[in-house]
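The values are calculated or read from the model by the stated rules, or taken from the named source; none is laboratory data. Because the structure is a prediction, the values reported are computed rather than measured. Ideal geometry is used to build each Cβ from the backbone, glycine not excepted, and the neighbour counts take in all protein chains shown. Areas reflect the complete protein model, heavy atoms only, side chains present, ligands, DNA and RNA absent. Shrake-Rupley method; radii C 1.70, N 1.55, O 1.52, S 1.80 Å.
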Amino acid sequence: MNDLGTLLADSARRVFEDHCDRATKESAEKGAWPAQLWGQVTDAGFTAAITPESAGGLGATMAEGMTVLRAAGAAAAPIPLAETMLAGWLLASAGLEVPDGPLSVAPVRLDATLKLACAGQGWHLSGVARRIPWASMVGHLAVLVEYDKIWYVARVSTADCRVDGEQNVAFEPRDSVGFDCALASDAVGPAQAGFGMPQLLAFGAAMRTAQIAGAMDQVLRMTVQYALERIQFGRPIGKFQIIQQYLAVMAGQTAAAGAAADLATWAVQHDFSLFAIAAAKARAGEAASAAATIAHQVHGAIGITHEHTLHFLTRRLWSWRDEFGSESYWCKVIGEELCRIGADDMWEFLTDAAEASKE
């Protein structure tokens, strides 16, 4: 990691340690906007980390930006940081102005019914997109939509949309958004060459993988600490072989999620390798499920209470594993790619991909 990456990672950890406490998370789950936390994150430049300098951002690499998302995941930060970073990059890549404030992206699923049409000197966007992260809390959306076989990015104010509030199991907004918007000509621009819906899902999946890796690091630390402190039959439960076995499995799953996050980050920086991101997101989702289960088993009854802080992390793990493509979706992508390659060339493809990811 270079100097900027180290600076961003250290700064992010400090910001979240100082400003993302239990009260902030509980208030956010009740619908309050965490203004103080968001202000600190914005002032530190995290929201515009991967936005090019020419568009007012830091111009950090994807790897540097992902370190911030790992820290946010470890803190279970109740803010649309990943979504704002992604939306800012998407708008800038289309030559559009990036508005201030929190942002999100649409669509995030393949069942969206969006349609872009010319309307005089401008455009008209219509349709519905579901499960949009934080739509009810942000000012603008970066919307990817196809028109005449070309992908475009539209900057849309949420004030011009119909937003129906929904939530994931972590009580984060995942809203249905209805579009019937007139857009000015300077609010729509062609997406980066080669970037379409598969690449948007892949970018979001890579970001969720980084958040999962960060959250799992923290869950592992909490679980090991609890095992060392919880006394049963006269000694810490961490001294019992069965608990040590659980912790060893959990550590292995956490390491796998970290490796998956590294792979996904590499893939985003190398022309959005869908195969690599598919493998990373699917593996991170599998690891998240296993680690969350073990964490609650080791914590026992206290781990499922609202008073304990474990649930802030595990509920996000359960949510994030299904967002920007579930494990089954990405496993299907892997299967389709391997079928396309064929049995004769499969081994060469896998070994070449493994060597490339080490660069």
Please go through the stretch 160-193 and pick out each residue that is open to solvent by less than 70 Å² (accessible area, probe 1.4 Å) and under 15 Å from Leu90 (Cα atoms). Ala187, Val188, Gly189, Ala191
Determine which member of the set Val145, Val169 is of a type in the set (A, V, I, L, M), out of contact with any Asp or Glu (no Cβ under 9 Å at 6 or more places or on another chain) and more than 30 Å from Val249 (Cβ to Cβ). Val145
Looking at (1) in contact with a helix residue (DSSP H, G or I) (Cβ under 7 Å, 6 or more places away or on another chain); (2) hydroxyl-bearing (Ser, Thr, Tyr); (3) not in a helix (DSSP H, G or I), find the lone condition where Thr113 falls short. (1)
Matching residues, the stretch 118-132, being among the small types (Gly, Ala, Ser) and either free of Cβ contacts under 8 Å to residues at least 24 places away in the same chain or open to solvent by less than 30 Å² (accessible area, probe 1.4 Å) (or both): Gly120, Gly122, Gly127, Ala129
Which residue is farthest from Ala75 (Cα to Cα), if the candidates are limited to the stretch 208-252 and must be open to solvent by 60 Å² or more (accessible area, probe 1.4 Å) and basic (Lys, Arg)? Arg235
Filter the stretch 140-159 for residues that are surrounded by 14 or more Cβ atoms within 10 Å (Cβ to Cβ) and small (Gly, Ala, Ser) and give the result. Ala142, Ala154, Ser157
Just the residues that are in a helix (DSSP H, G or I) and either open to solvent by 40 Å² or more (accessible area, probe 1.4 Å) or in contact with a Gly (Cβ under 7 Å, 6 or more places away or on another chain) (or both), please, taken from the stretch 7-29. Leu7, Asp10, Arg13, Arg14, Glu17, Asp18, His19, Arg22, Ala23, Glu26, Ser27
For the stretch 245-261, does any single residue satisfy the condition of being closer than 30 Å to Gln192 by Cα and touching a residue at least 60 places away in the same chain (Cβ under 8 Å)? yes
Considering residues that are surrounded by 24 or more Cβ atoms within 10 Å (Cβ to Cβ) and outside any loop (DSSP other than H, G, I, E, B), the number found within the stretch 73-84 is 5
Which listed residue is touching a residue at least 60 places away in the same chain (Cβ under 8 Å) and farther than 19 Å from Gly252 by Cα, from Ala288, Ala276: Ala276
Top-ranked residue of the stretch 85-109 - restricted to ones that are part of a helix (DSSP H, G or I) and open to solvent by 10 Å² or more (accessible area, probe 1.4 Å), ranked as nearest to Arg14 (Cα to Cα): Trp89
Which residues, taken from the stretch 49-65, are within 22 Å of Ala215 (Cα to Cα) and either of a type in the set (Val, Ile, Thr) or modelled with pLDDT of 95 or more (or both)? Ile50, Thr61
Any hit, the stretch 45-54, residues being of a type in the set (Phe, Trp, Tyr), under 24 Å from Ser157 (Cβ atoms), touching a residue at least 60 places away in the same chain (Cβ under 8 Å) and crowded, with 20+ Cβ neighbours inside 10 Å: no
So for the stretch 196-207 (the condition being open to solvent by 60 Å² or more (accessible area, probe 1.4 Å), of a type in the set (A, V, I, L, M) and out of contact with any Leu (no Cβ under 8 Å at 6 or more places or on another chain)), does at least one residue qualify? no
Tell me which helices (runs of 4 or more DSSP H) are completely within the stretch 253-359 and hold 1 or more residues being under 24 Å from Leu228 (Cβ atoms), modelled with pLDDT of 95 or more and open to solvent by 30 Å² or more (accessible area, probe 1.4 Å), or say none if there are none. 274-299
Restricted to the stretch 190-205 and to residues being of a type in the set (A, V, I, L, M, F, W, C) and within 18 Å of Tyr147 (Cα to Cα), the residue nearest to the chain's Cα centre (by Cα) is Leu200
